[in-house]
1. Less than 20 Å apart at the alpha-carbon level, and either on another chain or at least 8 residues along: which aspartates and glutamates does that give for K169?
2. How much net charge surrounds V13 when only the other residues with a Cβ under 10 Å from the Cβ of V13 are counted, with Lys and Arg +1 and Asp and Glu -1?
3. Would you give the gap between the C-alpha center of the range 61-125 and the C-alpha center of the range 9-46, rounded to a whole Å?
4. Report the local net charge at L89: Lys and Arg +1, Asp and Glu -1, summed over other residues whose C-beta lies under 12 Å from its C-beta.
5. Which FRET efficiency value, to the nearest 0.05, is calculated for Q48 and E108 with the Förster distance at 30 angstrom and r the Cβ-Cβ distance?
6. State to the nearest 20 debye the size of the charge dipole of the range 2-169 about its Cα centre, where the only charges are +1 on K and R beta carbons and -1 on D and E beta carbons.
Amino acid sequence: MDEQAEVAGVGRVLRVLSHSEFEAELDADAGDVVKVGDIVAIVTSIHQEEPEYVKYLSELEKEEIRKFLPDVAEGKKIAKCVVLCREDLSEARRSPRIGEDVVKVSDEFLRELHFANGEFRIPYLIPLLQKCKDISIARSLLSRLMELIPEEKELLDIIMAEIEYSMMKNVEF
């Protein structure tokens, strides 16, 4: 499965926030699935982080740096990631190490991960919904799986409808 895992977008782990969350410097979008070693994770949010030295500069100095070195002043794109599972769909018991490479996974890898041995599985879905309150992340993942595994589209439609229904039940008007 390793040779199919990587697609464009290599980054590295910057911070480990908890056993199931980390931040990586990576050009990614919310909902992208990434891999760190044997850990599979999903990007839940993106933010821009200025370089540390920028805090100590005046606005004029910042403008000068932006003018002559725009890439340096730009800062880093940081992706917050939630761990889903390991490559074999078992529970991830370790967190990634700082400096470890992070890569976006390919469609082939994602299909193979969820449709191994002729059986479709998403064992991390409930923990993902508990860790990530943004329903659009789960919806994005399920939509991508529908495209990659069309033979399970009906099941994924039912799962998505149930998730949306339970979320709507908890909303107070």
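1. Within reach: D134, D157.
2. Numbers: positive: R12, R15, R97; negative: E23, E25, E100, D101.
Here the count lands on -1.
3. For the range 61-125 versus the range 9-46, the Cα centre distance is 3 Å.
4. Numbers: positive: R86, R121; negative: D38, E87, D88, E91, E112, E119.
Net local charge, L89 excluded: -4.
5. Working: r = 31 Å, r/R0 = 1.04.
It comes out at approximately 0.45.
6. Details: 23 positive and 36 negative charges, 129 e Å.
Dipole size: approximately 620 debye.
Every number in this text was worked out from the coordinates using simple rules, so none of it is lab data. Since we're looking at a predicted model, the values are computed, not measured. Positions of Cβ are backbone-derived with ideal geometry, glycine not excepted, and every protein chain shown enters the neighbour counts.
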